Amino acid sequence: MVQGFGQIIVQALSLGSLYAILAIGFSLIFGSTRVLNLAHGSFVILAAYIAYFIERYYSVGFIASSIVSSILSLIFLPVLEFIGSRTSTHKESFSLILTFGVALVLQSFYSAMFSSDYRILYSNSTIYNLTKLGLSISSIQLTIILSSLFTIIFLFVMFRKTMTGKALRATIHNDEAALLSGIPVKQMRLLAIGLGCFATGLAGSLYVRVSYVHPAGDIEITLIALLITLFAGRGKIRRVLINAWLFALIETIVSYWCGAKWRELLSSLFIIIVLMGRGEEILNNSSGK
Amino acid sequence: MGKSVIFSLIVIFLIGQVAFCGQSIVSIGAINPLTGKLAQHGIEVDQGIRLAIEEANLEEKNLYFNLIRRDDKSLPEDAMNQAQQLITREKVVALVGGYVDTLVGPIATVAGKHRVPYVASASLESRLTETINPFFFRISHINGIAHPIIYFLKEEVKPKRLALVYASTPGAMELSEKIRKGISEGSIFLVLEEKLRPGTPDFSPFLLKCRAYNVDFIVSAMFLPDHLILVKQMKELNVLAKYLGPWGIAYPTFIKEMGERAEGLLGMLAWSPTIFQRDSEEESSRFTKNYSQRFGTEPTSTAMHGYISAKVIIDSVRRVVKSGHPVRSDILADFIRNTDMISPMGRIAFDEKGDPKYYSQTIVQIQKGSFVKVYPIK
Amino acid sequence: MNKSRLFKLLPPLVWLIILSLGWIHKIPESFLSVLTTAFLYGAMATAWNIHALSGVTSLGHAAFFGLGAYGFALAISKHGFPFWTGLLAGACCAVIYALLWILSIDKLRHGSFVLATFVSVEIPRVIIENVETITNGSAGIMNIRVPNLPIPIPTGLQGWYVITVALTGILLWLHHKALFSRWGWGLKAIRDNERAALAVGVPVDFLRRLTLLLSSFFMGVCGGIYASIIGFVEPSVVFGLHFSAIPLVFSLFGGKENAWGPLLGAIILCSLDQLIMVPLFPEAHRAIYGISLFLTLWFLPKGILAWKKTG
């Protein structure tokens, strides 16, 4: 049983890291522009399709394809900046509908471009067996865990140590005050959206190795990102990873011991209880006004 | 509304110009999920139907079939609205298509109310025909999947420790129920049962349990995308059980995505370019050729379901015309009821509930990238 | 004076005319069926908006909808209730769940409220999926036979039309009150600034809870009507995210702060989609729908009724 438990932790870690990487881009964009981007899943899917076709037809490795899809994901920057600059005067609900429209358009576009087939990337992953502990971990799982850790640490260090990062944090916290203290808010917002798009691209190229992509598969990704981001609170990058791990751990453990059919029930109860416990705190740091 | 009337008038006018004297036009409506979650298989059904109608229009010059296609977006209320429109506005004499019972059910209700025959392409649940609707017919049935699985398990594989995983959808529930009942008398020991929501991103808890229970055979009533993840994680977690997926495995796209990792998996199909019923070789190869030419992809079992359901209507309309009756929906329904034809999927005839009398799927194994029949052998 | 009284009489009159269409046999059925769906969605959007007017956004109304549908289906097909009592039973299930919301997540606001409501849909859904002896589990309940109605309304499609339009009428009146009555002004104060509202003596908690209960009740009724129109219930259908998100889209499209906004949003988008886009573009209708949604909201960020001055 102990052996089984170790493997569960490994699975939960890799699942949680996937959740985190899906949520980082969403979280950065929500933090800096207050856009609740319902087209986030569609953006991830485009990056996933790009990575898929590059690797299938040019047989390049993960690093090359993830860089290409991350860079190409920057095409969403103007769209988000466009919506974001408009949203600041009209609250989140407005951005919800606009991005919902974008998601619908992209969905049609994908099924016309890429057909409605399900796609998944099977690279020859090596499986490392730790025989003493009875654990096994595949190279894809390792890649996901490391990429999300690396991304979070990178962002964390940038936010804490560099001047740009501090300015960015100030912008996220209170953009009017930041503007008054001489921070170029507009550039900062652009930077944050750019980072968000980049992370989205990375997420796409990882996602297609673990799960399938499909033109209508955007909503699940958006929901995971929304869930983790709201659970962490606005502008809390570190918490994104921790909460994603925690959430995945709960899901995996419940599925193992209680049966998968109770998974959603217990994870929702968990979220509600945690939210009730720290309701006030969240109220203050993710205020919608 | 006025626009579409004018549009259809123009279409009818143009057709009238081209047509020979005395050509009659028969409108048929097709409702399928062309967008949304079920789009992949919905489009396959739709393409099968289109091919059948196009072929029929080429074959016979003085009977023109006008196919009106609609999308239900994988939503029951949209399926209902579109059925209503096709019947009352477009005045179709028959409806065809439909994928999954939640979308077929509402269409069947509307069709029954308006006394328009509806031949469903892919519908499984027994409950759908519990209350008899004389205008509802379908060419597939859950028993055609459940019975082969049960006999295959009992007679061929005889697994010692079986695991059953199924999606939380009505069709998968009924299938798992039937399998559970069917194997209960034998010596097969069902050690693990798991219900999962389709689209679950992670199957490792289930697979770890399979490992813990030493499962040697998994029956997985999940869908194509779920198999993609499940099979992948089986390899990663070193679960060595045999794997049978009644839905979703026996598709060329599945093999295309999985590559050589699909080797040895068991799936089910009613037809494939290489597996078809006796006496239908010519029709089968013609379908394969025309389908690949027309749509640029290899035809699947699902596309064949669409093709045959449309064929049933075409065949019945022709018999109505031959008998000298007007092509009216109530008359057409009577002729559909008396259908008895040989198709690549086997003999097609309906019982008093509208269920197919002879529907049965074949269990296949993926060997060297193609499907090989494993059960029934003869 | 005379003119303004006439103006007040106009909306009920329009509504009566729309309602009476149900008795006219000349209306093509395809049109009637789309209108019924549109009015049902309009009722859902209006019910959702009554709650949203208290300054919070719920993404969990599918829970009320699903419970209403299940309560109705179980009452009708397992216990043989008459139609109206069945609807009431469904709505009561929804209200009970709303009471649970009040007991648990009443203090949450903004992001955490959205999240809590969103995940709360899973709780009744998973329970219904797995308590097979009572609810039939994931298989759902099929062949719901609706008993005859004891009032003189047409049967079949026309009947559904009359019922949904009547329901919409009640909701429109309530929605109007939630915008322009005394307690409606209280709600406006809460939306603008909760603390200030509390300071001037607006019963903040009471009003917000009241709107939630009203909203859940009518959402439950909508669920029951949906179940009876479709003829079956299934957890993945009636608890779908669709039913949480669509009211939001319609009411933002139509205009949240206008009595007719959510309804008009639903009617315009639904009939456009079902009568024109899907028939003309079987494959590409989603893109056109998305573009029109985007452009409309871009130029009229407060909804299509924004040009009309709201109180």
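The values are calculated or read from the model by the stated rules, or taken from the named source; none is laboratory data. None of these values were measured; they are calculated from a predicted model. As a convention, Cβ positions derive from the backbone with ideal geometry for all residues, glycine included, and neighbour counts pool all protein chains shown.
Here are the numbers for the structure shown:
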item	result
Verdict on C:Asp192 being modelled with pLDDT under 85 and surrounded by fewer than 21 Cβ atoms within 10 Å (Cβ to Cβ)	yes
Top-ranked residue of region B:176-191 - restricted to ones that are of a type in the set (A, V, I, L, M, F, W, C) and outside any loop (DSSP other than H, G, I, E, B), ranked as surrounded by the fewest Cβ atoms within 10 Å (Cβ to Cβ)	B:Phe189
Some residue of region A:177-193 being buried (at least 17 other Cβ atoms within 10 Å of the Cβ), in contact with a Phe, Trp or Tyr (Cβ under 9 Å, 6 or more places away or on another chain) and at negative phi	yes
Options A:Leu106, A:Leu80, A:Leu96: the member that is of a type in the set (A, V, I, L, M), away from every other protein chain (no Cβ under 13 Å) and closer than 19 Å to A:Ile29 by Cβ	A:Leu80
B:Gly306 vs. criteria more than 14 Å from chain A (Cβ to nearest Cβ) and not in a helix (DSSP H, G or I)	no
B:Phe152 within 23 Å of the chain's Cα centre (by Cα) and at pLDDT 90 or above	yes
Selected residue (only one of B:Gly296, B:Gly264, B:Gly199 is farther than 30 Å from B:Arg347 by Cα, out of contact with any His (no Cβ under 6 Å at 6 or more places or on another chain), surrounded by fewer than 24 Cβ atoms within 10 Å (Cβ to Cβ) and not hydrophobic (A, V, I, L, M, F, W, C))	B:Gly199
Helices (runs of 4 or more DSSP H) lying entirely in region C:55-151 (those with 2 or more residues that are free of Cβ contacts under 8 Å to residues at least 24 places away in the same chain and closer than 24 Å to A:Glu264 by Cα)	C:83-105, C:110-120, C:122-130, C:132-135
Single match in A:Gly196, A:Gly182, A:Gly201 (criterion: touching a Gly at 6+ places or on another chain (Cβ under 7 Å) and either more than 14 Å from chain C (Cβ to nearest Cβ) or modelled with pLDDT under 85 (or both))	A:Gly196
Region B:160-175 - residue that is closer than 9 Å to B:Val219 by Cβ and touching an Asp or Glu at 6+ places or on another chain (Cβ under 7 Å) and, of those, surrounded by the most Cβ atoms within 10 Å (Cβ to Cβ)	B:Val165
Single residue of region B:223-237 satisfying the filter (part of a helix (DSSP H, G or I), more than 7 Å from every other protein chain (Cβ to nearest Cβ) and of a type in the set (A, V, I, L, M, F, W, C)) that is farthest from A:Ser211 (Cα to Cα)	B:Met234
Residue in region B:150-167 that is within 12 Å of chain C (Cβ to nearest Cβ) and not in a helix (DSSP H, G or I) present	yes
Residue list for region B:121-143, restricted to those being outside any loop (DSSP other than H, G, I, E, B) and surrounded by 21 or more Cβ atoms within 10 Å (Cβ to Cβ)	B:Ser121, B:Ala122, B:Leu128, B:Phe136, B:Phe137, B:Arg138
Residue that is surrounded by the most Cβ atoms within 10 Å (Cβ to Cβ) [pool: residues in region C:255-291 that are of a type in the set (Gly, Ala, Ser), within 11 Å of chain A (Cβ to nearest Cβ) and assigned to a helix (DSSP H, G or I)]	C:Gly265
Check on C:Thr168, of a type outside the set (A, V, I, L, M), touching a Ser or Thr at 6+ places or on another chain (Cβ under 6 Å), closer than 20 Å to C:Ser251 by Cβ and surrounded by 22 or more Cβ atoms within 10 Å (Cβ to Cβ)	no
Of residues in region A:229-274 being in contact with a Ser or Thr (Cβ under 6 Å, 6 or more places away or on another chain) and in contact (Cβ under 8 Å) with a residue 24 or more places away in the chain, the one farthest from the other protein chains (Cβ to nearest Cβ)	A:Val240
Only listed residue being at pLDDT 90 or above and touching a His at 6+ places or on another chain (Cβ under 8 Å), chosen from A:Gly16, A:Gly25, A:Gly41	A:Gly25
Some residue of region C:237-246 being within 30 Å of C:Leu10 (Cα to Cα), more than 12 Å from chain A (Cβ to nearest Cβ) and part of a helix (DSSP H, G or I)	no
Flag if B:Val104 is within 12 Å of chain C (Cβ to nearest Cβ), more than 30 Å from B:Val215 (Cβ to Cβ), surrounded by 24 or more Cβ atoms within 10 Å (Cβ to Cβ) and touching a residue at least 12 places away in the same chain (Cβ under 8 Å)	yes
Some residue of region B:40-47 being more than 9 Å from chain C (Cβ to nearest Cβ), at pLDDT below 90 and more than 20 Å from B:Val321 (Cβ to Cβ)	yes
Selection from region B:21-66 of residues that are closer than 15 Å to B:Tyr291 by Cα, touching a residue at least 24 places away in the same chain (Cβ under 8 Å) and β-branched (Val, Ile, Thr)	B:Val45, B:Ile49, B:Ile53
Test set (1) surrounded by fewer than 20 Cβ atoms within 10 Å (Cβ to Cβ); (2) over 30 Å from B:Tyr291 (Cα atoms) - B:Glu281 fails condition number	(2)
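The rows are residues; the columns are (1) at pLDDT 90 or above; (2) surrounded by fewer than 23 Cβ atoms within 10 Å (Cβ to Cβ).
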site: B:Gly2; (1), (2): no, yes
site: B:Leu9; (1), (2): no, yes
site: B:Gln17; (1), (2): no, yes
site: B:Ala30; (1), (2): yes, no
site: B:Glu54; (1), (2): yes, yes
